[in-house]
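If you scroll down you'll find the structure; I have some questions about it.
Please treat every number below as a calculation from the coordinates, not as lab data. Predicted, not measured: the structure shown is a model, and the values here were computed from it. All Cβ positions, even for glycine, are placed from backbone atoms using ideal geometry, and neighbour counts span all protein chains on display.
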Amino acid sequence: MTDDREQTTHFGFAEVPEAEKAGRVQGVFNSVASKYDVMNDAMSFGIHRVWKDAMMDWLAPRPQTRLLDVAGGTGDIAFRYLKRAGQAEAVVLDLTEPMLIEGRKRAEAEALSDSLDWIVGDAMQLPFADNSFDTYTISFGIRNVTRPQEALDEAYRVLRPGGRLMVLEFSHIPNHLMQRAYDLYSFNIIPRMGQAIAGDRDSYQYLVESIRNFPDQESFLMMVKQAGFENAKYRNLTMGVACLHSGWKL
């Protein structure tokens with residue numbers, strides 16, 4: 001006999017068929033695209049900028065390299081990479097075209113368009129040949145992927161030997177009382193901000209819930225290693241509110 005049960009996954013705290021998750025995630029980011037950057041500043045009190053700068057500090061972008069920024073949306077990470085590296089190229093890939101449209105507007109305003117390509121695509125099925133990039137980044141996006149391990153496997157495939165993976169994602173605070181205080185803020189304030197600023201409470205309720213379902217630092221580190229990355233490490237940011245995971249294709 002065959003098992004006809006449909007595989008499911010998390011969408012926030014809901015359990016949904018795997019086949020539905022990507023469409024639901026697209027719906028979230030279609031809804032919030034125009035206010036996404038404003039909400040990032042409001043939710044984190046601007047601290048997300050410090051985290052992204054810390055990401056660049058550890059990554060140390062080099063000239064004449066090629067970056068793939070997955071779930072890159074409005075281009076925040078790609079812009080930082082290009083400015084740090086000097087002469088470099090970046091491809092921003094995202095599942096949601098309205099996010100990329102917002103990014104293109106920003107790129108034109110910052111005179112970075114010539115160094116950037118914008119592609120609609122899926123992190124689990126990257127439309128690139130093996131060994132195509134020197135650097136792979138994904139920032140606050142991998143928790144929205146239906147099967148994160150497959151995204152990491154794809155990252156390994158498209159990186160050149162000597163290439164670097166860097167993942168920035170929300171994580172878990174090791175102190176129980178501080179985690180509880182953070183949860184109170186997240187569940188009570190962020191959805192209200194989403195309603196007030198983006199006109200969308202439900203999307204930000206999902207984003208808060210998705211953070212709680214994401215693996216902790218050590219568990220995700222094991223996933224990075226399982227994909228084949230070596231010298232894999234992580235660094236907590238703001239006591240574990242966010243975390244950077246790094247790995248090398250050697």
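Filter segment 190-242 down to residues that are touching a strand residue (DSSP E or B) at 6+ places or on another chain (Cβ under 6 Å) and closer than 20 Å to ALA14 by Cα and give me whichever is surrounded by the most Cβ atoms within 10 Å (Cβ to Cβ).
Among those residues, the one meeting the criterion is ILE211.
Taking the condition small (Gly, Ala, Ser) and either within 21 Å of the chain's Cα centre (by Cα) or within 28 Å of ASP202 (Cα to Cα) (or both), does SER139 pass? Reasoning before the result, please.
Numbers: small (Gly, Ala, Ser): yes; either within 21 Å of the chain's Cα centre (by Cα) or within 28 Å of ASP202 (Cα to Cα) (or both): yes.
Yes: the conditions hold for SER139.
Here is a follow-up. Would you point out which residue out of TRP58, TRP51 is out of contact with any Cys (no Cβ under 7 Å at 6 or more places or on another chain), more than 15 Å from TYR136 (Cα to Cα) and either in contact (Cβ under 8 Å) with a residue 40 or more places away in the chain or basic (Lys, Arg) (or both)?
The unique qualifying residue is TRP51.
Going through segment 119-142 one residue at a time, which ones are surrounded by fewer than 21 Cβ atoms within 10 Å (Cβ to Cβ) and closer than 22 Å to GLU20 by Cβ?
Residues satisfying the conditions are VAL120, GLY121, ASP122, MET124, GLN125.
A quick yes/no check of all residues on (1) of a type in the set (Lys, Arg); (2) part of a helix (DSSP H, G or I); (3) under 17 Å from the mean Cα position of the chain (by Cα); (4) within 22 Å of LEU100 (Cβ to Cβ):
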{"position": "VAL16", "(1), (2), (3), (4)": "no, no, no, no"}
{"position": "GLY27", "(1), (2), (3), (4)": "no, yes, yes, yes"}
{"position": "MET56", "(1), (2), (3), (4)": "no, yes, yes, yes"}
{"position": "GLY72", "(1), (2), (3), (4)": "no, no, yes, yes"}
{"position": "ILE77", "(1), (2), (3), (4)": "no, yes, yes, yes"}
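Here's something else I'd like to know. Against the condition part of a helix (DSSP H, G or I) and closer than 20 Å to TRP58 by Cα, how does ALA90 come out, does it pass?
Considered against the rule, which asks whether it is part of a helix (DSSP H, G or I) and closer than 20 Å to TRP58 by Cα, ALA90 comes out as no.
Next question. Which numbered condition in (1) touching a residue at least 40 places away in the same chain (Cβ under 8 Å); (2) among the charged types (D, E, K, R); (3) within 20 Å of LEU112 (Cβ to Cβ); (4) assigned to a helix (DSSP H, G or I) is the only one that LYS35 fails?
All conditions pass for LYS35, except number (3).
Scan LEU67, LEU93, LEU100 and give me the residue that is touching a residue at least 60 places away in the same chain (Cβ under 8 Å), closer than 21 Å to ALA155 by Cα and within 16 Å of the chain's Cα centre (by Cα).
One residue alone meets the criteria, LEU67.
Here is a check on your reading of the model: is ILE47 buried (at least 20 other Cβ atoms within 10 Å of the Cβ) and touching a helix residue (DSSP H, G or I) at 6+ places or on another chain (Cβ under 7 Å)? Show your work before the answer.
Numbers: buried (at least 20 other Cβ atoms within 10 Å of the Cβ): no; touching a helix residue (DSSP H, G or I) at 6+ places or on another chain (Cβ under 7 Å): yes.
The answer is no for ILE47.
Looking at (1) surrounded by 23 or more Cβ atoms within 10 Å (Cβ to Cβ); (2) farther than 30 Å from ALA14 by Cα, which one does GLU108 not meet, given that it meets all the others?
With respect to (1) surrounded by 23 or more Cβ atoms within 10 Å (Cβ to Cβ); (2) farther than 30 Å from ALA14 by Cα, GLU108 is out only on (1).
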